[in-house]
Amino acid sequence: MPRISDNGRVTTPQIPDAPETGAPVADGFAAFGLDPRLLTAIAALGYEEPTPIQREAIPPLLTGRDLLAEAPTGTGKTAAFALPCLQRIHAPAEGVAPVERGPRPDGAGRPAGLILVPTRELAMQVAEAIHRYGRDLGTRVLPVYGGQPIGQQLGGLRRGVDIVVATPGRAVDHIKRGSLQLGGVRFVILDEADEMLDMGFAEDLDLILAETPADRQTALFSATISPIITKIARRHLREPARVKVHAEKSTADGVALVRQLAYVVRRTDKLAALCRILDVEDPAAALVFGRTRGEVDDLAETLSARGHDAAALHGGLAQEGRDRIMTRFRDGSLNVLVATDVAARGLDIERVSHVVNFDVPSNPDAYVHRIGRTGRAGREGVAITLVEPREHRLLRNIEAATRQRLEIARLPTVADLREHRAELVRGNLREALTDENLDRFRGVIEPLTDEFDMVDIALAAVSLIEGASTQAGDEREITSPPLVAALPPRPVPVGRPMPFRPGGPMQGGPRPGPGGPGFGPNAGQGGGFGPGFRPGQPPRGPVGQSIPGPAWAGADSGWARLFVGGGRRLGLRPGDLVGAITNEAQVPGSMVGAIRIDDAFSLVDVQEGVAEAVVQALRGATIRGRKLAVRRDG
């Protein structure tokens, strides 16, 4: 039966049915007691049955109860929170005042609902879905995110809005301007909460939630419920209902839809291996993940030169360029999209047949998020990871987290490539032989039949076709070395102790916890989003000693200290710096270390291997609306 997926598309069931604790599904969405106008909109979109996350989340949300939900992307969670929100706004319970509508004399937006998401792509998708569901109700929804002219958003807020879908950074900007006032908010949704924390939005979330009423309804959705997410729930949610939906996608007979493969390849051969794999797999739509903007651009350029319709997607593109690329990828005119993790967050494209990790993700959660973008809507998908010989431990971490073995596959050989191309030529010839317009080539072939056999002529024609499609390096065999057994972890270098804020020493840093890179049991002192948050701080033992770091700790390099020409006087906070580094330099939060913010400047520790990339990226970026001097600390 069709179901509502994220962004409002029709999908078939993708996950095992969860135990039912909410309304029965026999009557579909009508069993929830939704407003008839919502049911009409749902029926018009062709939806009949709720997904498991919708069955579990909608009933408690309709009663006004807080919710803590563990649900990955693609399970239909957008509708799970959107439908109750629309119901509570337009058909409030007895004793609840109706939403005040119309423009505000002071130009400030006072929404009844606030939905926070990590990226602008997800903000647009969620706003579009809510608009579809609430069209018959006259719902006014406004996406608010960076990269869009703020004047356009100010106009929308001034005219009046029911629901604001915002990224944390832009929401804080509007709050400080006075253009977004949250005193009348009835509900707050934190969507992809783990992703927002990984991107350094902890303090922004704290500030935003402090502006909302204490009696608001709050729902938190996260792909994984880690200890840090649990702490946040204890602080900001009141006796929440707990819902969990597993990420495993399966067919009716329990066979997984996503085939997970790993190819062992030397770093010097990775680009050639990627091209060979894509040539043989011939994906309908492939999403290739790279680590940095530079790597993404290089991969896209190389793949385009080899005949693939490829384009790069990263934070350095203007919004117009991003929209153009995504339109091409969705309509099929682009078959390979090379993206960074940050740029790809929130993308929901059902036609993705292959996901390729050019590098092994250091965080298993990132791997799960990536491969979740294929095998959707009942389709089969392939997840491919290129593994270097010494990345044995990273591979084992992923297998432990997913509880599934990755198949170590043999790299395609030159013979495999030739056979694949021969099959393509045979198929093209069969199609051409049915064409009625071949007579125009008769004048080319018939004069040759007096000198050569017809089969020889055909063979020569095919050789010309193959020669035109052959690229340099196609005839080179790529050897696949064995995986090296996991080596003992190298010690993490101990940097100079640095105070997080002036006036107090920085004690032993927390170990990154399972909630994502840079988050541990001591992050956010007091169990919230407080100023004790130190992304990626390496663990330290007694003075003069070091202790083994986690898998991401950067065994091949130490730490570099960067100077940023702005501090507390400009309102700069740790979350601003972490967000700028992860978004602009496409560097994971695990590579950001200790942070010190002084009155006039800030100091940030980053992994030595990414220091230059961070410096170059931040020099061209704005932080808190200003361009700041960035250099290595002398």
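The values are calculated or read from the model by the stated rules, or taken from the named source; none is laboratory data. These figures come from a predicted structure and were not determined experimentally. Backbone-built Cβ (ideal geometry, glycine too); neighbour counts: all protein chains shown.
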Identify the single condition in (1) in a loop (DSSP other than H, G, I, E, B); (2) modelled with pLDDT under 85; (3) under 17 Å from the mean Cα position of the chain (by Cα) that Asp359 does not satisfy, given that it satisfies every other one. (2)
Yes or no: Val578 free of Cβ contacts under 8 Å to residues at least 60 places away in the same chain and not in a loop (DSSP other than H, G, I, E, B)? no
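To keep it simple, each residue is scored yes or no on (1) modelled with pLDDT under 85; (2) surrounded by fewer than 20 Cβ atoms within 10 Å (Cβ to Cβ); (3) in a strand (DSSP E or B).
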{"position": "Val280", "(1), (2), (3)": "no, yes, no"}
{"position": "Glu301", "(1), (2), (3)": "no, yes, no"}
{"position": "Gly307", "(1), (2), (3)": "yes, yes, no"}
{"position": "Leu317", "(1), (2), (3)": "yes, yes, no"}
{"position": "Ile325", "(1), (2), (3)": "no, yes, no"}
{"position": "Leu337", "(1), (2), (3)": "no, no, yes"}
{"position": "Gly346", "(1), (2), (3)": "yes, no, no"}
{"position": "Ile349", "(1), (2), (3)": "yes, yes, no"}
Please pick out the residue among Ala272, Ala310 that is over 30 Å from Ser222 (Cα atoms), without any contact (Cβ under 8 Å) to a residue 60 or more places away in the chain and among the small types (Gly, Ala, Ser). Ala310
Please state which of the following conditions Ala272 fails to meet, knowing it meets all the rest: (1) assigned to a helix (DSSP H, G or I); (2) at pLDDT 90 or above; (3) farther than 24 Å from Ala366 by Cβ. (2)
Among the residues of the range 213-225, are any surrounded by fewer than 21 Cβ atoms within 10 Å (Cβ to Cβ) and at positive phi? no
Subset tally (residues that are buried (at least 24 other Cβ atoms within 10 Å of the Cβ) and charged (D, E, K, R)) for the range 68-87: 1
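Restricting attention to the range 285-299, and to residues there that are in a strand (DSSP E or B) and among the aliphatic types (A, V, I, L, M), which single residue is nearest to Val610 (Cα to Cα)?
Initially, the range 285-299 is screened for residues in a strand (DSSP E or B), giving 286-289.
Filter again for among the aliphatic types (A, V, I, L, M), leaving 286-288.
Numbers: Ala286: 27, Leu287: 24, Val288: 21 Å.
So, considering only residues that are in a strand (DSSP E or B) and among the aliphatic types (A, V, I, L, M), the one nearest to Val610 (Cα to Cα) is Val288.
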Failed condition for Arg140, given (1) buried (at least 24 other Cβ atoms within 10 Å of the Cβ); (2) modelled with pLDDT of 90 or more, with all others met? (1)
The number of residues in the range 146-173 that are among the polar types (S, T, N, Q) and in a loop (DSSP other than H, G, I, E, B) is 2
Could you give me the residue pairs with C-beta distances under 7 Å whose first residue belongs to the range 53-65 and is at positive phi, whose second residue is surrounded by 20 or more Cβ atoms within 10 Å (Cβ to Cβ) wherever it lies, and which are 6+ apart or on separate chains? Gly64/Gln217
So is Ala580 touching a strand residue (DSSP E or B) at 6+ places or on another chain (Cβ under 8 Å), under 24 Å from Arg177 (Cα atoms), among the aliphatic types (A, V, I, L, M) and at pLDDT below 85 or not? yes
If a residue must be surrounded by fewer than 24 Cβ atoms within 10 Å (Cβ to Cβ) and not β-branched (Val, Ile, Thr), how many such residues does the range 39-67 contain? 14
Every residue from the range 174-203 that is among the acidic types (Asp, Glu) and either out of contact with any Leu (no Cβ under 9 Å at 6 or more places or on another chain) or part of a loop (DSSP other than H, G, I, E, B) (or both): Asp191, Glu192, Asp194, Asp198, Glu203
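Within the range 594-634, restricting attention to residues that are among the β-branched types (Val, Ile, Thr) and within 20 Å of Arg291 (Cα to Cα), which residue is surrounded by the fewest Cβ atoms within 10 Å (Cβ to Cβ)? Explain how you work it out, then say what you get.
Restricting attention to the range 594-634, the residues satisfying the condition of being among the β-branched types (Val, Ile, Thr) are 595, 597, 604, 606, 610, 614-615, 622-623, 630.
Filter again for within 20 Å of Arg291 (Cα to Cα), leaving 606, 610, 614-615.
Details: Val606: 25, Val610: 22, Val614: 24, Val615: 18.
Here the answer is Val615.
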Residues of the range 125-145 satisfying the condition of being in contact (Cβ under 8 Å) with a residue 24 or more places away in the chain and in a helix (DSSP H, G or I): Gln125, Val126, Ala127, Glu128, Ala129, Ile130, Arg132, Tyr133, Arg135, Asp136, Leu137
Which is at pLDDT 85 or above and either touching a helix residue (DSSP H, G or I) at 6+ places or on another chain (Cβ under 7 Å) or buried (at least 16 other Cβ atoms within 10 Å of the Cβ) (or both), of Val296, Val342? Val296
